[in-house]
């Protein structure tokens, strides 16, 4: 008689503990969903705020006659848009910490090309892996890519000249390789180092942040290559 009662009691205790565990799991799941919803809302608002900043810069640029100042404002607007695209991707993707680089690079290239009246003369070629990387890696990498594509479109080709622009971002065993290449007039690194341009300083600063190595070759066009050895590929 005692054995069946003991077994019944154990079954009762097990059911009660299982029920409590299910309740706790449901609470944890609800908390995670609420956190995810909040993070998505944050990314959405950051994206909107960055787009507002970009619009304000665009409006301001229309009232600036100085060519150097106008180019500086336009470049700043492009950089803001490159960061906005990251938050836009985070808002729409399943992951809130990692981004598919193929989608991001495609959106970035389209955004940049659409701002240049001569973009129809330039044929864009892209080779980007279908992989994910974390936001901390992508932000400086995206800004570098944005800077180099803009520089190529502004300086690589003579007026009325047609040409090609290649954008490559692939995963290797040691990390990531970014290559941006054009078949334009070429690039003299020594000239730009002497001027200490903001773009070159920014490029060097972000490369150090990524612990990356990079080279620029100016023969038969310009080829920029960066190796990110210690990235956080997802």
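Looking for something assigned to a helix (DSSP H, G or I), surrounded by 20 or more Cβ atoms within 10 Å (Cβ to Cβ) and modelled with pLDDT of 85 or more - is there at least one such residue anywhere in the stretch 84-94?
The answer is no; no qualifying residue exists.
Could you say which residue among 64, 73 is part of a helix (DSSP H, G or I) and modelled with pLDDT of 70 or more?
When all the criteria are applied, what remains is 73.
State which residue is surrounded by the most Cβ atoms within 10 Å (Cβ to Cβ) when the search covers only the stretch 205-221 and only residues that are within 19 Å of the chain's Cα centre (by Cα) and either outside any helix (DSSP H, G or I) or modelled with pLDDT under 85 (or both).
Among those that are within 19 Å of the chain's Cα centre (by Cα) and either outside any helix (DSSP H, G or I) or modelled with pLDDT under 85 (or both), it is 210.
Would you please list the contacts, defined by Cβ atoms under 8 Å and residues six or more apart or on different chains, that run from a residue in the stretch 108-131 that is under 21 Å from residue 171 (Cβ atoms) and assigned by TED's automatic domain parsing to the domain that holds residue 148 to a residue that is at pLDDT below 85 and assigned to a strand (DSSP E or B)?
From residues that are under 21 Å from residue 171 (Cβ atoms) and assigned by TED's automatic domain parsing to the domain that holds residue 148, the pairs are 130/100; 131/100; 131/233.
Going through the stretch 107-130 one residue at a time, which ones are assigned to a loop (DSSP other than H, G, I, E, B) and surrounded by 13 or more Cβ atoms within 10 Å (Cβ to Cβ)?
We begin by selecting, within the stretch 107-130, every residue assigned to a loop (DSSP other than H, G, I, E, B); these are 114-118, 129-130.
Those that are assigned to a loop (DSSP other than H, G, I, E, B) and surrounded by 13 or more Cβ atoms within 10 Å (Cβ to Cβ): 115, 116, 118, 129.
Considering only residues of the stretch 164-175 that are modelled with pLDDT of 90 or more and crowded, with 18+ Cβ neighbours inside 10 Å, which is nearest to residue 102 (Cα to Cα)?
169
Go through (1) at pLDDT below 85; (2) in a helix (DSSP H, G or I) for residue 137 and report which single condition fails.
Going through (1) at pLDDT below 85; (2) in a helix (DSSP H, G or I) one by one, residue 137 breaks only (1).
The values are calculated or read from the model by the stated rules, or taken from the named source; none is laboratory data. Keep in mind that what you see is a predicted model, and the values were worked out from it rather than measured. Neighbour counts run over all protein chains shown; Cβ positions are idealised from the backbone, glycine included.
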